[in-house]
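The values are calculated or read from the model by the stated rules, or taken from the named source; none is laboratory data. What you see is a predicted model; the values in this text were computed from it and never measured. Positions of Cβ are backbone-derived with ideal geometry, glycine not excepted, and every protein chain shown enters the neighbour counts. The accessibility values were calculated without ligands, DNA or RNA, using every heavy atom of the protein model including side chains. Shrake-Rupley method; radii C 1.70, N 1.55, O 1.52, S 1.80 Å.
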Amino acid sequence: MAIARGTSGVSGRAPTWLALTLGGALAGALAFSGAALAEEEAEWPRGHYPLPEEGNVIGETYTVTVEDHEDTLMDIAREHNVGYEEIIRANPEVSIWIPGEGTEVTIPGRFILPDAEPTGVVINIAELRLYYFPKVREGETPRVETYPIGIGREGFDTQTTMRLEDPAWYPPRSMREEAAERGEPAPAVVPPGPDNPLGRHAVLLDIPGYLIHGTNEPDGIGMRASRGCIRMFPEDIESVFHNVPVGTRVNMIDQPIKVGWQDGQPLVQVFKPLEEQEHGMSALIETIAQLNAGSANNGVAFDYEQLRGLLEAPSGQLVALEPPPEREPEPAPALNTIFEELVLHEES
(Lines give C-alpha, C1' and ligand atoms only; values in the text may rest on other atoms or scores of the structure.)
Protein backbone atom coordinates (compact mmCIF):
# COMPACT_ATOMS: atom_id res chain seq x y z
CA MET A 1 0.00 0.00 0.00
CA ALA A 2 1.56 3.28 -1.09
CA ILE A 3 0.93 6.26 1.14
CA ALA A 4 0.65 9.78 -0.18
CA ARG A 5 0.42 12.02 2.83
CA GLY A 6 -1.22 15.42 2.79
CA THR A 7 -2.63 17.39 5.69
CA SER A 8 -6.18 18.61 5.63
CA GLY A 9 -8.08 20.56 7.16
CA VAL A 10 -14.69 20.80 22.67
CA SER A 11 -17.28 19.53 24.39
CA GLY A 12 -20.68 20.90 23.39
CA ARG A 13 -22.09 19.86 26.73
CA ALA A 14 -20.77 19.10 30.16
CA PRO A 15 -19.06 15.68 30.19
CA THR A 16 -20.21 12.84 32.41
CA TRP A 17 -17.19 11.81 34.46
CA LEU A 18 -16.58 8.36 35.82
CA ALA A 19 -13.41 8.04 37.86
CA LEU A 20 -12.14 4.52 37.39
CA THR A 21 -8.98 2.65 38.27
CA LEU A 22 -7.16 0.17 36.12
CA GLY A 23 -6.46 -3.16 37.75
CA GLY A 24 -4.77 -6.40 36.81
CA ALA A 25 -1.27 -7.58 36.17
CA LEU A 26 -0.07 -4.79 33.89
CA ALA A 27 3.56 -5.42 33.14
CA GLY A 28 5.51 -6.70 30.20
CA ALA A 29 8.17 -6.38 27.61
CA LEU A 30 6.52 -3.73 25.46
CA ALA A 31 7.35 -0.81 27.75
CA PHE A 32 7.39 2.44 25.87
CA SER A 33 10.93 3.75 25.54
CA GLY A 34 11.35 7.49 25.83
CA ALA A 35 14.86 7.21 24.46
CA ALA A 36 13.49 5.57 21.34
CA LEU A 37 11.36 8.64 20.77
CA ALA A 38 14.09 11.23 20.91
CA GLU A 39 13.36 14.64 19.49
CA GLU A 40 15.43 14.03 16.39
CA GLU A 41 13.50 10.93 15.35
CA ALA A 42 11.02 11.59 12.58
CA GLU A 43 8.73 8.60 13.16
CA TRP A 44 6.58 7.95 16.21
CA PRO A 45 4.87 4.61 16.91
CA ARG A 46 1.42 4.23 15.49
CA GLY A 47 -1.13 6.23 17.47
CA HIS A 48 1.54 8.17 19.41
CA TYR A 49 1.79 11.96 19.05
CA PRO A 50 3.71 14.74 20.78
CA LEU A 51 1.38 17.05 22.67
CA PRO A 52 1.01 20.31 20.74
CA GLU A 53 2.69 23.35 22.25
CA GLU A 54 -0.25 25.47 21.08
CA GLY A 55 -3.82 24.43 20.38
CA ASN A 56 -5.28 20.99 20.99
CA VAL A 57 -5.09 19.17 17.64
CA ILE A 58 -2.87 16.17 16.86
CA GLY A 59 -2.15 14.09 13.80
CA GLU A 60 -3.05 14.68 10.19
CA THR A 61 -5.50 13.56 7.55
CA TYR A 62 -3.87 11.86 4.58
CA THR A 63 -4.63 9.49 1.73
CA VAL A 64 -3.41 6.00 0.87
CA THR A 65 -3.65 4.12 -2.41
CA VAL A 66 -4.96 0.56 -2.30
CA GLU A 67 -2.39 -1.78 -3.84
CA ASP A 68 -3.84 -5.17 -2.87
CA HIS A 69 -7.23 -5.98 -4.40
CA GLU A 70 -7.99 -8.22 -1.40
CA ASP A 71 -7.76 -5.36 1.10
CA THR A 72 -11.06 -4.28 2.65
CA LEU A 73 -11.73 -0.83 4.02
CA MET A 74 -11.54 -2.29 7.52
CA ASP A 75 -8.10 -3.77 6.78
CA ILE A 76 -6.93 -0.30 5.82
CA ALA A 77 -8.60 1.28 8.88
CA ARG A 78 -6.86 -1.16 11.23
CA GLU A 79 -3.48 -0.58 9.61
CA HIS A 80 -3.85 3.17 10.09
CA ASN A 81 -5.29 3.30 13.62
CA VAL A 82 -8.88 4.27 12.81
CA GLY A 83 -12.16 2.50 13.47
CA TYR A 84 -15.14 1.41 11.40
CA GLU A 85 -17.29 4.52 11.66
CA GLU A 86 -14.28 6.81 11.21
CA ILE A 87 -13.17 5.19 7.95
CA ILE A 88 -16.73 4.98 6.61
CA ARG A 89 -17.47 8.65 7.33
CA ALA A 90 -14.26 9.73 5.61
CA ASN A 91 -14.90 7.55 2.52
CA PRO A 92 -18.67 7.43 1.90
CA GLU A 93 -18.26 6.54 -1.78
CA VAL A 94 -15.75 3.70 -1.26
CA SER A 95 -16.88 0.08 -1.04
CA ILE A 96 -16.37 -1.41 2.42
CA TRP A 97 -15.47 -4.89 1.23
CA ILE A 98 -13.90 -4.23 -2.18
CA PRO A 99 -12.31 -0.77 -2.31
CA GLY A 100 -10.45 -1.86 -5.43
CA GLU A 101 -6.82 -1.71 -6.43
CA GLY A 102 -5.73 1.86 -7.15
CA THR A 103 -8.53 3.45 -5.09
CA GLU A 104 -7.52 6.41 -2.95
CA VAL A 105 -8.71 6.13 0.65
CA THR A 106 -8.80 9.05 3.08
CA ILE A 107 -7.38 8.31 6.53
CA PRO A 108 -8.99 10.64 9.12
CA GLY A 109 -5.96 10.72 11.38
CA ARG A 110 -6.42 14.24 12.73
CA PHE A 111 -7.98 14.51 16.18
CA ILE A 112 -9.13 17.22 18.57
CA LEU A 113 -8.04 16.27 22.07
CA PRO A 114 -11.00 15.78 24.42
CA ASP A 115 -11.92 18.52 26.86
CA ALA A 116 -10.54 16.66 29.86
CA GLU A 117 -7.54 16.75 32.13
CA PRO A 118 -4.64 15.39 30.05
CA THR A 119 -3.64 12.65 32.45
CA GLY A 120 -4.12 8.89 32.57
CA VAL A 121 -6.69 7.36 30.24
CA VAL A 122 -9.59 9.35 28.77
CA ILE A 123 -12.28 7.44 26.88
CA ASN A 124 -14.72 9.52 24.83
CA ILE A 125 -17.67 7.20 24.35
CA ALA A 126 -19.38 9.46 21.79
CA GLU A 127 -16.22 9.49 19.67
CA LEU A 128 -15.41 5.78 20.11
CA ARG A 129 -11.80 6.64 20.88
CA LEU A 130 -9.38 6.19 23.78
CA TYR A 131 -6.64 8.67 24.71
CA TYR A 132 -3.74 7.83 27.02
CA PHE A 133 -1.55 10.58 28.51
CA PRO A 134 1.43 8.76 30.04
CA LYS A 135 3.72 10.26 32.63
CA VAL A 136 7.04 11.21 31.07
CA ARG A 137 10.49 11.36 32.58
CA GLU A 138 12.53 14.54 32.65
CA GLY A 139 13.79 15.38 29.19
CA GLU A 140 11.13 13.34 27.39
CA THR A 141 8.57 14.86 25.07
CA PRO A 142 5.03 14.98 26.55
CA ARG A 143 2.86 12.79 24.39
CA VAL A 144 -0.55 11.24 23.93
CA GLU A 145 -1.53 7.85 22.56
CA THR A 146 -4.92 7.36 20.92
CA TYR A 147 -6.72 4.26 19.67
CA PRO A 148 -10.15 3.48 18.21
CA ILE A 149 -12.50 1.45 20.41
CA GLY A 150 -15.79 -0.38 20.14
CA ILE A 151 -18.51 -0.29 22.78
CA GLY A 152 -21.55 -2.38 23.57
CA ARG A 153 -24.92 -1.63 22.07
CA GLU A 154 -27.29 0.52 24.09
CA GLY A 155 -29.65 -1.45 26.30
CA PHE A 156 -27.24 -4.22 27.34
CA ASP A 157 -25.38 -4.38 30.64
CA THR A 158 -21.85 -5.74 30.44
CA GLN A 159 -21.14 -8.51 32.91
CA THR A 160 -17.52 -9.63 32.44
CA THR A 161 -15.21 -9.11 35.42
CA MET A 162 -11.92 -10.89 34.57
CA ARG A 163 -8.49 -9.35 34.63
CA LEU A 164 -6.35 -12.00 33.00
CA GLU A 165 -3.96 -12.61 30.18
CA ASP A 166 -5.60 -15.23 27.95
CA PRO A 167 -8.83 -14.91 29.97
CA ALA A 168 -11.81 -17.22 29.88
CA TRP A 169 -15.14 -15.57 29.07
CA TYR A 170 -18.39 -16.21 30.91
CA PRO A 171 -21.35 -15.15 28.73
CA PRO A 172 -23.85 -13.07 30.71
CA ARG A 173 -27.15 -14.64 31.65
CA SER A 174 -29.10 -12.36 29.30
CA MET A 175 -27.06 -13.59 26.33
CA ARG A 176 -27.48 -17.25 27.32
CA GLU A 177 -31.23 -16.81 27.70
CA GLU A 178 -31.57 -15.12 24.32
CA ALA A 179 -29.49 -17.85 22.67
CA ALA A 180 -31.62 -20.53 24.29
CA GLU A 181 -34.78 -18.88 22.95
CA ARG A 182 -33.28 -19.09 19.47
CA GLY A 183 -32.47 -22.76 20.01
CA GLU A 184 -28.75 -22.01 20.18
CA PRO A 185 -27.71 -22.61 23.81
CA ALA A 186 -24.61 -20.61 24.69
CA PRO A 187 -21.82 -22.27 26.67
CA ALA A 188 -21.39 -21.33 30.32
CA VAL A 189 -17.74 -20.51 29.68
CA VAL A 190 -15.59 -19.88 26.59
CA PRO A 191 -11.95 -20.90 27.20
CA PRO A 192 -8.98 -18.90 25.92
CA GLY A 193 -8.46 -19.23 22.19
CA PRO A 194 -9.55 -17.87 18.81
CA ASP A 195 -13.27 -18.08 19.68
CA ASN A 196 -12.92 -16.02 22.86
CA PRO A 197 -14.50 -12.56 22.34
CA LEU A 198 -12.21 -11.03 24.99
CA GLY A 199 -9.10 -11.74 22.94
CA ARG A 200 -5.84 -12.37 24.79
CA HIS A 201 -5.80 -9.36 27.13
CA ALA A 202 -8.37 -7.80 29.47
CA VAL A 203 -7.97 -4.89 31.88
CA LEU A 204 -10.44 -4.72 34.77
CA LEU A 205 -11.90 -1.39 35.85
CA ASP A 206 -13.18 -0.81 39.35
CA ILE A 207 -16.75 -0.32 38.20
CA PRO A 208 -18.12 -3.86 38.43
CA GLY A 209 -18.47 -5.55 35.07
CA TYR A 210 -16.39 -3.07 33.06
CA LEU A 211 -13.33 -4.14 31.09
CA ILE A 212 -11.02 -2.83 28.44
CA HIS A 213 -10.27 -5.90 26.38
CA GLY A 214 -9.28 -7.29 23.01
CA THR A 215 -11.54 -9.02 20.53
CA ASN A 216 -11.69 -11.94 18.14
CA GLU A 217 -13.73 -9.83 15.70
CA PRO A 218 -11.58 -6.76 14.97
CA ASP A 219 -13.88 -5.55 12.19
CA GLY A 220 -16.26 -4.38 14.93
CA ILE A 221 -13.78 -1.87 16.35
CA GLY A 222 -15.09 1.64 15.90
CA MET A 223 -18.77 0.77 16.16
CA ARG A 224 -21.40 -0.10 18.75
CA ALA A 225 -21.70 -3.73 17.82
CA SER A 226 -21.48 -6.09 20.79
CA ARG A 227 -22.23 -6.64 24.45
CA GLY A 228 -18.61 -6.15 25.34
CA CYS A 229 -17.35 -3.25 27.42
CA ILE A 230 -14.59 -1.32 25.69
CA ARG A 231 -13.02 -3.32 22.87
CA MET A 232 -9.75 -2.60 21.09
CA PHE A 233 -7.73 -4.06 18.24
CA PRO A 234 -5.60 -6.92 19.64
CA GLU A 235 -2.34 -5.07 19.04
CA ASP A 236 -3.71 -1.92 20.72
CA ILE A 237 -4.98 -3.61 23.88
CA GLU A 238 -1.65 -5.45 24.11
CA SER A 239 0.15 -2.11 24.19
CA VAL A 240 -2.27 -0.71 26.78
CA PHE A 241 -2.09 -3.90 28.83
CA HIS A 242 1.69 -3.80 29.11
CA ASN A 243 2.30 -0.04 29.26
CA VAL A 244 -0.44 1.48 31.41
CA PRO A 245 0.59 1.24 35.08
CA VAL A 246 -1.64 -0.22 37.76
CA GLY A 247 -3.67 2.49 39.46
CA THR A 248 -3.90 4.72 36.38
CA ARG A 249 -7.01 6.87 36.47
CA VAL A 250 -9.53 6.34 33.68
CA ASN A 251 -12.09 9.02 32.83
CA MET A 252 -15.06 7.89 30.76
CA ILE A 253 -16.69 10.92 29.16
CA ASP A 254 -19.44 11.61 26.66
CA GLN A 255 -18.40 14.53 24.45
CA PRO A 256 -20.29 14.46 21.15
CA ILE A 257 -19.06 17.98 20.33
CA LYS A 258 -15.38 18.86 20.39
CA VAL A 259 -13.92 22.32 19.81
CA GLY A 260 -10.32 22.74 18.71
CA TRP A 261 -7.75 25.32 17.71
CA GLN A 262 -4.71 24.99 15.49
CA ASP A 263 -2.65 27.88 14.15
CA GLY A 264 -5.43 30.27 15.11
CA GLN A 265 -8.03 28.29 13.11
CA PRO A 266 -11.23 27.27 14.97
CA LEU A 267 -12.17 23.61 14.41
CA VAL A 268 -15.25 21.59 15.34
CA GLN A 269 -15.98 17.86 15.38
CA VAL A 270 -19.59 16.77 15.95
CA PHE A 271 -20.72 13.20 16.60
CA LYS A 272 -24.21 11.78 16.94
CA PRO A 273 -25.33 11.75 20.57
CA LEU A 274 -25.53 8.27 22.07
CA GLU A 275 -29.13 8.79 23.12
CA GLU A 276 -30.19 9.53 19.52
CA GLN A 277 -31.55 12.95 20.41
CA GLU A 278 -30.56 15.94 18.31
CA HIS A 279 -28.12 18.62 19.40
CA GLY A 280 -30.46 21.35 20.60
CA MET A 281 -30.18 25.08 21.19
CA SER A 282 -28.34 24.58 24.49
CA ALA A 283 -25.59 22.62 22.71
CA LEU A 284 -25.28 25.39 20.12
CA ILE A 285 -25.04 28.08 22.80
CA GLU A 286 -22.44 26.13 24.80
CA THR A 287 -20.35 25.47 21.70
CA ILE A 288 -20.47 29.13 20.67
CA ALA A 289 -19.37 30.08 24.20
CA GLN A 290 -16.38 27.73 23.99
CA LEU A 291 -15.43 29.06 20.58
CA ASN A 292 -15.69 32.65 21.76
CA ALA A 293 -13.59 31.86 24.82
CA GLY A 294 -10.99 30.24 22.62
CA SER A 295 -11.02 33.09 20.14
CA ALA A 296 -10.65 35.79 22.78
CA ASN A 297 -6.88 35.86 22.34
CA ASN A 298 -7.02 35.42 18.60
CA GLY A 299 -9.83 37.71 17.56
CA VAL A 300 -11.11 35.05 15.15
CA ALA A 301 -14.75 35.25 14.08
CA PHE A 302 -16.63 32.28 12.62
CA ASP A 303 -19.78 31.49 10.69
CA TYR A 304 -22.62 30.76 13.12
CA GLU A 305 -24.83 29.28 10.39
CA GLN A 306 -22.09 26.81 9.41
CA LEU A 307 -21.81 25.72 13.03
CA ARG A 308 -25.59 25.32 13.30
CA GLY A 309 -25.55 23.12 10.20
CA LEU A 310 -22.82 20.90 11.67
CA LEU A 311 -24.85 20.36 14.84
CA GLU A 312 -27.99 19.58 12.85
CA ALA A 313 -26.20 17.00 10.70
CA PRO A 314 -23.38 15.42 12.78
CA SER A 315 -20.77 13.80 10.54
CA GLY A 316 -17.90 13.11 12.96
CA GLN A 317 -15.60 14.92 10.53
CA LEU A 318 -13.09 17.47 11.78
CA VAL A 319 -14.24 20.72 10.11
CA ALA A 320 -12.56 24.12 9.97
CA LEU A 321 -15.04 26.89 10.69
CA GLU A 322 -15.21 29.56 8.03
CA PRO A 323 -15.26 33.31 8.77
CA PRO A 324 -18.68 34.93 8.81
CA PRO A 325 -19.96 35.95 5.39
CA GLU A 326 -19.40 39.57 4.52
CA ARG A 327 -22.47 41.74 4.35
CA GLU A 328 -23.28 42.89 0.89
CA PRO A 329 -23.02 46.69 0.69
CA GLU A 330 -26.19 48.54 -0.07
CA PRO A 331 -26.28 49.48 -3.76
CA ALA A 332 -25.41 53.07 -4.51
CA PRO A 333 -28.28 55.09 -5.99
CA ALA A 334 -28.22 55.41 -9.76
CA LEU A 335 -26.91 58.70 -11.21
CA ASN A 336 -30.22 59.52 -12.86
CA THR A 337 -31.97 59.11 -9.51
CA ILE A 338 -29.52 61.50 -7.88
CA PHE A 339 -30.03 63.99 -10.75
CA GLU A 340 -33.82 63.80 -10.43
CA GLU A 341 -33.61 64.42 -6.65
CA LEU A 342 -31.40 67.49 -7.25
CA VAL A 343 -33.80 68.91 -9.84
CA LEU A 344 -36.77 68.42 -7.56
CA HIS A 345 -34.86 70.08 -4.70
CA GLU A 346 -34.03 73.15 -6.83
CA GLU A 347 -37.59 73.48 -8.12
CA SER A 348 -38.94 73.38 -4.59
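Descriptive notes on the structure:
- Filter result (surrounded by 22 or more Cβ atoms within 10 Å (Cβ to Cβ) and of a type in the set (Asp, Glu)) within region 89-133: GLU127
- Members of region 105-134 found to be under 20 Å from GLU238 (Cβ atoms) and among the charged types (D, E, K, R), listed by number: ARG129
- Some residue of region 207-216 being within 15 Å of the chain's Cα centre (by Cα), surrounded by fewer than 21 Cβ atoms within 10 Å (Cβ to Cβ) and modelled with pLDDT under 75: no
- Residues in region 299-316 that are in a loop (DSSP other than H, G, I, E, B) and either open to solvent by less than 60 Å² (accessible area, probe 1.4 Å) or under 10 Å from PRO266 (Cα atoms) (or both): VAL300, ALA301, PHE302, ASP303, PRO314, SER315, GLY316.
- Screening ILE221 with (1) open to solvent by 10 Å² or more (accessible area, probe 1.4 Å); (2) modelled with pLDDT under 85 gives one miss only, at (1).
Table: residues versus (1) part of a strand (DSSP E or B); (2) within 13 Å of VAL250 (Cα to Cα); (3) at pLDDT 60 or above.
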position: PRO114; (1), (2), (3): no, no, yes
position: ILE123; (1), (2), (3): yes, yes, yes
position: GLU140; (1), (2), (3): no, no, yes
position: GLU154; (1), (2), (3): no, no, no
position: MET162; (1), (2), (3): no, no, no
position: PRO167; (1), (2), (3): no, no, yes
